[in-house]
Amino acid sequence: MRVHKVNEMKIWYDACTGKHIRYGVAIAHRLRKLGHEVIVTTRKHLDTLPLAELLNEKAVVVGRYAPTSKLTRLRESAKRQLLFCKMFGKDTPDIAIMHVSIECARVAFGLGIPLISTFDTPHAEAQCRLTVPLTDTTIVSKAIPPQTVYRYGAKRIVQFDGVDEVAWMKGFKSEMKFDFERPFIVVRETEVKAAYAEGTSDISEQIARKLSSLAKVVFLPRYNRKVKKGLVVPKTFVDSTSLAAQADLVVSVGGTIAREAALQGTPSIVVPIFGWGHVNDYVSRKGFPLFKVKPSDVLKYAKKCLGRHVDVSESLAELENPVDVIETIIERKSTIRKN
């Protein structure tokens, strides 16, 4: 068992998706500079392992993503929890950090580990109900009304004047370069296998085919890399954040890749089949090129904003980084522990 210095803490971050890897690596880099040990765990997923490798993060793989049915989700979640119990049962971390990870929340609660969670998807009801009540401190953008989080049973909320993506977009440099024919549009596949998307039809491929009349369309899959005639489907992993930086337009029904693009000045369209969202509205109001567009109007709007990049460096610099908030909380806990 490792012996820690008095003010050094063992911190666990669980990353379930590619976005979480980005977030976790940003947090881990900051906390390691302060002398803390940070263990990043993840699960087998189309994006997590190759992105962790790209970012030089040696994440520990625990379990896999299996969204085929309610049963497969539940079974794989239970397996992950048991594996975490084996990992941390006799060498418990001092703090756990997550982005609403169900397995991390349950294990941290069960082992008595203080838990910090970032949060930006109040529409993901099942995930929120299973994580927010078990979280000690929830880090939330000021874009999201506090009552939206408290209704899930939040204990303590700390808000910041920015969005989660600021954590890795400030100072971002593309890790991959692309040579797609110009102009090119990125369309992200709908996450239809997520619990919150149950019963939703995927319109992303339909939109992508319409947009192919304007430009080359790079279709980013979430579940497999099957060839789609008329669209460019990458055969191997590509870093979506780098791709968004270099694209002439990004279209998504969710928000993460659209916000990543907009925070870099790439025009972005969100087709709000899950709702527009507080954080998308915030980014748009701050002057970043993020637009809410009905499915029937995507082609028309794409013609207007294709390739119209905007210099947003000053606006991005004004946004608060949630990693700063997390650092403050960790250092406060570290100081209390030392004294």
Just want the answer: with Cβ charges of +1 for Lys and Arg and -1 for Asp and Glu, which residue in GLY230, GLN147, GLY24 is farthest toward the dipole's positive end in the chain? GLY230
For LYS58 paired with ILE203, estimate the spin-label separation in nm (one decimal), with each label point 7 Å from Cα along the Cα-to-Cβ line. 4.7 nm
For the chain, what does the helix formula give at 222 nm: sum of -39500 (n - 2.57) over DSSP H segments with n ≥ 4, over the residue count, nearest 500 deg cm²/dmol? -11000 deg cm²/dmol
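Let me know the charge dipole size of the chain about its Cα centre in debye, to the nearest 20, where only the beta-carbon of Lys, Arg (+1) and Asp, Glu (-1) is charged.
Roughly 820 debye for the chain.
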What is the fewest-to-most order of SER77, SER204, SER334 by other Cβ atoms lying within 10 Å of their Cβ? SER77, SER334, SER204
Of ILE203, SER213, PRO133, farthest towards positive along the dipole that unit charges on Lys, Arg, Asp, Glu beta carbons give the chain: ILE203
C-alpha center-to-center spacing [the stretch 242-256, the stretch 91-167] in angstrom: 26 Å
Roughly how tilted is helix 18-33, in degrees to the nearest 10 and between 0 and 90, from the longest Cα axis of the chain? 50 degrees
³J(HN,Hα) computed for each position of the stretch 73-87 - Karplus, 6.51 cos²θ - 1.76 cosθ + 1.60, integer Hz, glycine/proline x: 4, 5, 5, 5, 5, 5, 4, 4, 4, 5, 5, 5, 4, 5, 5
Percent of C-alpha pairs per 20 Å bin, the chain, short to long: 31, 59, 10, 0
Filter the cross-link list LYS90/LYS333; LYS58/LYS86; LYS44/LYS142; LYS79/LYS228; LYS177/LYS228; LYS10/LYS155 down to pairs whose alpha-carbon distance in this structure exceeds 25 Å. LYS44/LYS142; LYS79/LYS228
Rounded, prolate or oblate: which fits the stretch 243-288 when a ≥ b ≥ c are the square roots of the eigenvalues of the alpha-carbon gyration tensor, with rounded for a/c under 1.5 and prolate only if a/b beats b/c? oblate
As an exercise, identify the GluC sites (Glu not before Pro) in the stretch 146-186 lying in DSSP coil whose Cβ has no more than 15 other Cβ atoms within 10 Å. GLU175, GLU181
Can you give the charge dipole size of the stretch 184-318 about its Cα centre, rounded to the nearest 20 debye, using +1 on the beta carbon of Lys and Arg and -1 on the beta carbon of Asp and Glu? 620 debye
If packing is taken as the average count of other Cβ atoms within 10 Å, what order do 91-104, 50-63 fall into, highest mean first? 91-104, 50-63
Grab the alpha carbons of the stretch 184-318, take their convex hull, and tell me the volume per residue in Å³. 105 Å³
May I ask for the angle, rounded to the nearest 10°, between helix 102-111 and the longest principal axis of the chain, with both axes built from Cα atoms and the value confined to 0 to 90°? 10 degrees
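No lab work stands behind these numbers, since they all come straight from the coordinates. Just so it is clear, the structure is predicted and the values come from calculations on it, not from any experiment. Counting neighbours? That spans all protein chains shown, and the Cβs are built from the backbone with ideal geometry, glycine included.
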